[in-house]
Amino acid sequence: MIFSKTLIHWYSNNKRNLPWRETQEPYCIWLSEIILQQTQVKQGLPYYQAFVGKFPTVFDLAKADESDVLKLWQGLGYYSRARNLHASAKYVASELKGTFPDNYKDLLKLKGVGDYTASAIASICFNEVAAVVDGNVYRVLSRYFGVCTPINSTKGPKEFKALAQELIDKDNPAEFNQAIMEFGATQCKPKNPYCHICPLNNSCIAFNKNKIHELPVKIKSAKAKKKYFNFLVFVSEDGKTILEKREGKGIWQNLYQFPLIETKNELKIESFEKAVENHKLLNDMPFEYSLYNKELLVHKLSHQHLYTKFWIINTKQLPIEGVPVSKAQEFAVPILIGNFIEEFNF
DNA sequence: AAGGCGGGGGG
DNA sequence: CCCCCAGCCTT
């Protein structure tokens, strides 16, 4: 009781001014929540503005091509969010005639909407008493109540969800949910939290036992694997290049890239011809090549470190259908490719 | 139950 | 170098 009242009071005095806090429109709240999954406000904000600007309603989003949605999402990462966003927009627009589900249980049926997002939308838009548990909530609760259960263990999410559901202000679930998250984001931060001015420091177990830096507990994940990516940047005499759509599983699904050769180790320039001698795009075709970046370009993802080289392949004609280099910027590409296109400037 | 999925920023 | 971020889906 004191806990929730204190948080809500703190929130009223300290909340940031953010566009999705000016509305209870399910479309806008849903959009903001998807964008903000595993993403900080600072990073997601411009994307939210762009999406609301280009797709003001769920119908606008539903009738767009997936490629346009991915293009607007470019650079934000976790691209399954964009694909699921688009699929759910089509579902809501056609099956539900534009009306979003108005409760936790039905919201869960939307692709890309899990426990957290369903709770957020249900509480913010419809005042349902559904507690959110995100990274901020884990941190605030584990510290204040001294909970040592690893947040990424099997029982972790259940335990914290139950605790949050117990604590939520039944009369004001929307304010409580947003208050505890904002508190975790700007006050009870991962590093250097402002404990000395914290309105809860009297009763915070971690603070009083000097365990702030130990909580929350998280099981360490495996180290990132190294991969060696070699992109073939074709440039033909008539000013075309080749971009391919990434299919199947793995990273960057449905985004475009230059034809890729993945190697076990760094591909040196002396070994390039040998490495591509049986490549379907280069077979029996005269070409000249050069290495664009002498040093490996390292692109770090959460679970992979990509050691990358861009190989420029000059040819008279392209082996397959290509795209004018001037159109390359219109494709949705990983930021690794996007940065290259911008810098290379064909 | 475990693994995969981006990119940016902070310390 | 590490960790964290308004998590979710697949296997």
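The values are calculated or read from the model by the stated rules, or taken from the named source; none is laboratory data. Note that the structure is predicted; figures quoted are calculated from it, not measured. Note that we place each Cβ from the backbone using ideal geometry, even for glycine, and neighbour counts take in every protein chain shown.
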Residues that are among the polar types (S, T, N, Q) and within 16 Å of DNA strand B (Cβ to nearest atom), drawn from region A:11-48: A:32, A:37, A:38, A:39, A:40, A:43
Within region A:39-61, is there a residue that is within 13 Å of DNA strand C (Cβ to nearest atom) and either not in a helix (DSSP H, G or I) or not assigned by TED's automatic domain parsing to the domain that holds residue A:144 (or both)? yes
If we keep just the residues of region A:190-220 that are touching a residue at least 12 places away in the same chain (Cβ under 8 Å) and within 11 Å of DNA strand B (Cβ to nearest atom), which is nearest to residue A:160 (Cα to Cα)? A:219
Return the residues of region A:287-303 that are exposed (fewer than 12 other Cβ atoms within 10 Å of the Cβ) and either over 24 Å from residue A:276 (Cα atoms) or of a type in the set (A, V, I, L, M, F, W, C) (or both); say none if nothing qualifies. A:298, A:300, A:302, A:303
Is it the case that region A:170-177 has a residue that's surrounded by 14 or more Cβ atoms within 10 Å (Cβ to Cβ) and either modelled with pLDDT under 95 or within 16 Å of DNA strand B (Cβ to nearest atom) (or both)? no
Flag for residue A:90 being in contact with a Phe, Trp or Tyr (Cβ under 8 Å, 6 or more places away or on another chain) and either part of a helix (DSSP H, G or I) or not assigned by TED's automatic domain parsing to the domain that holds residue A:120 (or both): no
Of the candidates A:75, A:112, the one satisfying the condition of being under 28 Å from residue A:216 (Cα atoms) and within 16 Å of DNA strand B (Cβ to nearest atom) is A:112
Residue ID - farthest from DNA strand B (Cβ to nearest atom), chosen from residues in region A:78-98 that are over 17 Å from residue A:251 (Cα atoms) and of a type outside the set (A, V, I, L, M): A:97
Scanning for something farther than 29 Å from residue A:158 by Cα and in contact with an Asp or Glu (Cβ under 9 Å, 6 or more places away or on another chain), does region A:95-112 turn up at least one residue? no
Are any of the residues in region A:63-70 in contact with a His (Cβ under 9 Å, 6 or more places away or on another chain), of a type outside the set (S, T, N, Q) and surrounded by 19 or more Cβ atoms within 10 Å (Cβ to Cβ)? yes
Can you tell me which residue in region A:107-164 is surrounded by the most Cβ atoms within 10 Å (Cβ to Cβ), limited to those that are under 18 Å from residue A:214 (Cβ atoms) and in contact with a Ser or Thr (Cβ under 6 Å, 6 or more places away or on another chain)? A:156
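Residue-wise test of (1) closer than 26 Å to residue A:271 by Cα; (2) surrounded by 14 or more Cβ atoms within 10 Å (Cβ to Cβ); (3) touching a Cys at 6+ places or on another chain (Cβ under 7 Å).
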residue: A:311; (1), (2), (3): yes, yes, no
residue: A:320; (1), (2), (3): yes, no, no
residue: A:325; (1), (2), (3): no, yes, no
residue: A:328; (1), (2), (3): no, yes, no
residue: A:341; (1), (2), (3): yes, yes, no
Among what's in region A:304-323 and is over 14 Å from residue A:276 (Cβ atoms) and assigned to a loop (DSSP other than H, G, I, E, B), pick the residue that is farthest from DNA strand C (Cβ to nearest atom). A:316
Among the residues of region A:221-243, write down those that are in contact with a strand residue (DSSP E or B) (Cβ under 6 Å, 6 or more places away or on another chain) and within 16 Å of DNA strand B (Cβ to nearest atom). A:224, A:225, A:226, A:227, A:228, A:229, A:231, A:243
Test result for residue A:154, without any contact (Cβ under 8 Å) to a residue 12 or more places away in the chain, polar (S, T, N, Q) and out of contact with any Asp or Glu (no Cβ under 7 Å at 6 or more places or on another chain): yes
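Listed here are the residues, each with its yes/no results for (1) surrounded by fewer than 12 Cβ atoms within 10 Å (Cβ to Cβ); (2) within 16 Å of DNA strand B (Cβ to nearest atom).
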{"position": "A:265", "(1), (2)": "yes, no"}
{"position": "A:277", "(1), (2)": "yes, no"}
{"position": "A:285", "(1), (2)": "no, no"}
{"position": "A:305", "(1), (2)": "no, yes"}
Inspect region A:22-31 for any residue being surrounded by fewer than 17 Cβ atoms within 10 Å (Cβ to Cβ), at pLDDT 95 or above, within 14 Å of DNA strand C (Cβ to nearest atom) and not acidic (Asp, Glu) and give the result as yes or no. yes
Restricting attention to region A:73-98, which residues are of a type in the set (S, T, N, Q) and under 12 Å from residue A:110 (Cβ atoms)? A:84, A:88
